[in-house]
Amino acid sequence: MSESELNSYRFLSGEEPSDDQLHAIMEEALSDVRRRAEEAKLRYDKQYERLYAREHSKVAQRIENAKNGIF
């Protein structure tokens, strides 16, 4: 199905999409959802690593202070 045929269908038109149109619409939606999920996962992982490094640094500093008798 061509992109112009896909773009010509509107859900609000009152007519049902053909099986090909519905399949193409759902494939496009699935592709978009997968892309956005991957982007969200990458942002989450990046933030997690940043927070982990920050907290790890704090704990390492407290351990070092304790070894040196600084409380």
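Protein heavy-atom surface of segment 12-71, 1.4 angstrom probe: 55% of the accessible area is carbon and sulfur, with nucleic acids and ligands not counted.
Angle check, please: helix 19-67 long axis (alpha carbons) against the longest principal axis of the chain (alpha carbons), in degrees 0 to 90, nearest 10. For 19-67 against the chain, the angle is about 0 degrees.
The values are calculated or read from the model by the stated rules, or taken from the named source; none is laboratory data. All values derive from a computational prediction rather than experimental measurement. Areas reflect the complete protein model, heavy atoms only, side chains present, ligands, DNA and RNA absent. Shrake-Rupley method; radii C 1.70, N 1.55, O 1.52, S 1.80 Å.
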